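Reviewing the structure listed below.
The values are calculated or read from the model by the stated rules, or taken from the named source; none is laboratory data. Keep in mind that what you see is a predicted model, and the values were worked out from it rather than measured. A quick note on method: Cβ atoms are made from the backbone with ideal geometry, for glycine too, and the neighbour counts reach across all protein chains shown.
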Amino acid sequence: MWKELQYALRLLGKTPGFTALTLFVLAAGLGVSVYMYSLIRTLAYAELPFPESEKLVLVSAIMNGFEQGGNSLANFNFEQLAQTQSTFEIFTRSRKSDITLTGAKLPLRVSANYNNHELFALTDVPALLGRVLQATDSEPGAPLVAVLSYQVWQSEFSGDQDIVGRKVRIDDIPATIVGVMPAGYAFPDFAQMWLPMKKSGVVQPGDGPYLSIVGRLRDGVSIEEADAELKAIMKKLEQQYPATNANHSVKVWPFTQHALTNSMTIIAVMSAAAGLILLLVVLNAGNLLLARAAERQKEVAIRNALGAPRWRLIRQMLWEALLLAMAGGLIGVFFASWALDWSRQHITAFNDSLPFWWTFEFSNQDLLFALLLTVLTALAVGLYPAWRASTTNINQFLRDGTRGAQGLRMTRMTHVLVIAEIALSITLLIASLAMVASTHQTMKADYGARINNVLIGEIDLYTQKYDDEPNDRYRFAEKLQALITGQPGVQGIALGCHLPGMYGPIWTYLVEGRDVPDKKYPSATRVVVTDNYFSLFDIQLVQGRLFDSRDQENSERVVIVSEQFAEKNWPGQSPIGKRIGLDRDHDPNNEKWYTVVGVVSETMYGQPFVDFAHYNDMYLSLRQLPVEDLVVAVATEQEPMMLARSLASDVARIDTDIPVNGAMPLTERIYRYNAGMVFVSKLFLAMAALGVLLAASGIYGVIARSVALRTQELGVRRALGASERHVMWQLLQQGGYRLIIGAVIGVSLGLLLVEALRGVLFGIDGEELTLALAVLLMVSIIVAAATLWPARRAVNLSPATALRYE
């Protein structure tokens, strides 16, 4: 075996061009495949660092067929599910909320998680210092306690070893720190602090708070079984309580996938694209080895005639494939490791809070996959050429006599290789260009509002004094506007619960006097704003009026709707004076009615490619609905961040316990929302470029080899009087046939992939055929060039030279 290995190394060393090209092809394909495997494993299938983590799941609410994300299941529904379910070993609730922590270095907004002791039982991770939450912490009247994350303990309390027992204030309520969790612990997702969720008394249908549900499945229970059971329970609740539970259901997710609820389709298509790259590599490398095997058939036939067994000849040639694949795999692993680190840097650059299980580390599992893929690739590219070359005996070879004869027997395989490479490259290019075009359209999308030169900052008025006096929230907004208005460089200031390009809550509504079959109430984006919100963002008034001093706390409740909202609900009519109900139960006898006083132009709230961003909009006055979560927007003539420090100081002048979070230009916030798609687009673009390179070299290699093997035939044709134009046309026709067959297959598969991506594509409706035509033109040029270049070399030979060609 060692001698066979040495012989294979010598043969590869004698053909450096072939070795380098094959090595490049294998390294590129294996590197991309290993990188994509590691990336997708990290994003969607990583194991949590807890015992039996594969049994941990998250339960999210479904309303009118749409997944609602976190904090979306009513507490009443949780109680009913918890009492009835039988598929979970632990079934517990959790509620994410940003809180204000005072008593540290500075007032700090912290991502907190309200839960009970069962949440810590899911992970079975003890506290680093002190203790975790206990059942008694959730009893009514129990003093408020808190468990800190390692990060907050270090950054805000300087790693104080005596932190346990320290008094702080949480949303202005006295609390005691009872524990610190180990470094890296952030369960269930981005938690920096854990607080007890107090037990409630009698719970009525529709009662909040609204929760996320996490649990651990019992032994032997699948996610599908748990999902079916909870859906059946929710169906019964819908029948029992139609006023609050109409069209409500749930979905059980693998815990590590809930962060990608809208991205699993992209993950699947990325996997398919990586698979196409690997197939192109196998075809390319297989073709190179097939050509090499054809050149060695005389040698193999002689060795076979001298008594060498066929299995040994096959093994000898497989050694070459394995050596090339192992070297390519090693280079590919280095590339994949570098690309994974680049991915981590890129993703963390636009997202400060990543799921704690996204480690972006090259694991032993990735190395094992790389080794397995390398061996399988070596077999895939080397086995057929070795088998094909070993079938020729010396008598047959001497009868055929030339490589041309050998090439004629390989014509069918040559056709298959060219057609396959054309089809795969077209498929990959169409899907990749669709993603790139969609991302381009997303980044230049019109949000229907001003987004440039606007500084934003988040202000959360969750402290007890604002809870006791909700109208103080609006008075806070009034004071802040008065302080900032008129400052140098300031063009205007407004506040809202969210801003253009940012996601907001989706509320159902009831149009007065209209029946709703099966209680499938329509939905719209609810935006709570100050009076000057519309002027700051250049949102145009179409009918009626905007909010003003007439809209007070105790006056008639009013709403401003978007044009599409008005057209959808009152087509051909003026909506001014019409009323909509915004009560959760939508009981016509006890509804909270809002009168439409104005219609404004359409604005996009959220990512352009997500359905929620294109919901109709309805605006409420902050005076009449003083919400806790506010985003301040300051329009400026200068660089927005130049006002960040003064914004923070102005907020502190009003209330020193209220910090400003996430101060940045609005354009940067929107970019961060869409940066994930930019990242995916870059991956698709890189794979498309690699696919074009592999396809072009592969198609050229196959056709050049095919033409070279027909050199003698072409010489005979020329000697018999065939013109150069006639020979060239004949070769182009053959290339055209291959192109047509490959194009039909490739375009069909490419459009299927685009259709699979439809839910995340934006701005390319009806553009698929244009993309397909552009790809066809590109591939046609490649095929024509790959055919003409070697053909011209062949026909330029004199007939006599071509006849002697060997």
Of the residues in the stretch 118-132, those that are under 33 Å from the mean Cα position of the chain (by Cα) and among the β-branched types (Val, Ile, Thr) come to THR123, VAL125
Can you name the residue in the stretch 728-771 that is over 25 Å from ILE277 (Cβ atoms) and among the polar types (S, T, N, Q) and, of all such residues, is farthest from the chain's Cα centre (by Cα)?
GLN730
How do the strands (runs of 3 or more DSSP E) wholly within the stretch 43-117 filter down when requiring 1 or more residues that are under 27 Å from ILE177 (Cβ atoms) and over 22 Å from the mean Cα position of the chain (by Cα): which remain?
88-102, 108-115
Hey, could you check the stretch 586-607 for residues that are buried (at least 19 other Cβ atoms within 10 Å of the Cβ) and farther than 17 Å from SER562 by Cα and say which is modelled with the lowest pLDDT?
HIS586
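Report whether or not ILE451 is within 25 Å of the chain's Cα centre (by Cα), farther than 30 Å from LEU278 by Cβ and of a type in the set (Val, Ile, Thr).
Working: within 25 Å of the chain's Cα centre (by Cα): yes; farther than 30 Å from LEU278 by Cβ: yes; of a type in the set (Val, Ile, Thr): yes.
When the stated conditions are applied, ILE451 passes them.
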Is at least one residue of the stretch 44-66 under 27 Å from TRP338 (Cα atoms), out of contact with any strand residue (DSSP E or B) (no Cβ under 9 Å at 6 or more places or on another chain) and of a type in the set (Ser, Thr, Tyr)?
no
Can you tell me which condition VAL542 does not meet? The list is (1) part of a strand (DSSP E or B); (2) closer than 29 Å to GLY662 by Cβ, and all the others hold.
(2)
Of the conditions (1) at pLDDT below 90; (2) more than 17 Å from MET502 (Cβ to Cβ); (3) among the aliphatic types (A, V, I, L, M), VAL660 clears all except one; give me its number.
(2)
Out of the stretch 721-763, which residues are touching a Phe, Trp or Tyr at 6+ places or on another chain (Cβ under 9 Å), part of a helix (DSSP H, G or I) and of a type in the set (Gly, Ala, Ser)?
GLY759
Scanning the stretch 345-376 residue by residue, those at pLDDT 85 or above and of a type in the set (Ser, Thr, Tyr) turn out to be THR374
Any residue in the stretch 121-140 that's outside any loop (DSSP other than H, G, I, E, B) and crowded, with 17+ Cβ neighbours inside 10 Å: show its pairings with residues that are among the charged types (D, E, K, R) and at pLDDT 90 or above at Cβ separation under 6 Å, as long as the two are six or more apart or on different chains.
LEU122/ARG216
Restricting to the stretch 146-172, count the residues that are assigned to a strand (DSSP E or B) and either under 37 Å from the mean Cα position of the chain (by Cα) or surrounded by fewer than 17 Cβ atoms within 10 Å (Cβ to Cβ) (or both).
5
Is it the case that ALA46 is farther than 19 Å from PHE255 by Cα, in contact with a helix residue (DSSP H, G or I) (Cβ under 8 Å, 6 or more places away or on another chain), crowded, with 18+ Cβ neighbours inside 10 Å and of a type outside the set (Phe, Trp, Tyr)?
no
Here are LEU731, LEU749, LEU797: which of them is surrounded by 15 or more Cβ atoms within 10 Å (Cβ to Cβ) and either of a type in the set (Lys, Arg) or at pLDDT 75 or above (or both)?
LEU749
Just checking, how many residues over the stretch 104-133 are at pLDDT 90 or above and charged (D, E, K, R)?
1
Restricting attention to the stretch 621-631, and to residues there that are surrounded by fewer than 23 Cβ atoms within 10 Å (Cβ to Cβ) and under 34 Å from the mean Cα position of the chain (by Cα), which single residue is farthest from ILE539 (Cα to Cα)?
GLU628
Output for Cβ contacts, cut-off 8 Å, separation at least six or different chains, first residue surrounded by 18 or more Cβ atoms within 10 Å (Cβ to Cβ) and at pLDDT 75 or above in the stretch 252-272, second part of a loop (DSSP other than H, G, I, E, B) and of a type in the set (A, V, I, L, M), reads PHE255/LEU48; THR256/ALA46; THR256/LEU48; ILE266/LEU757; VAL269/LEU757
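Would you mind listing the strands (runs of 3 or more DSSP E) fully within the stretch 436-511 where at least 3 residues are surrounded by fewer than 20 Cβ atoms within 10 Å (Cβ to Cβ)?
Details: elements: 454-460, 490-496, 506-508.
Filter on the stretch 436-511 gives 490-496.
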Checking the condition part of a loop (DSSP other than H, G, I, E, B), among the polar types (S, T, N, Q) and under 23 Å from GLN491 (Cα atoms), which residue from GLN638, GLN607 passes?
GLN638
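Kindly indicate whether GLY184 is assigned to a strand (DSSP E or B) and either surrounded by fewer than 18 Cβ atoms within 10 Å (Cβ to Cβ) or not charged (D, E, K, R) (or both). Full working, then the answer.
Working: assigned to a strand (DSSP E or B): no; either surrounded by fewer than 18 Cβ atoms within 10 Å (Cβ to Cβ) or not charged (D, E, K, R) (or both): yes.
Here the answer is no, as GLY184 does not meet what is asked.
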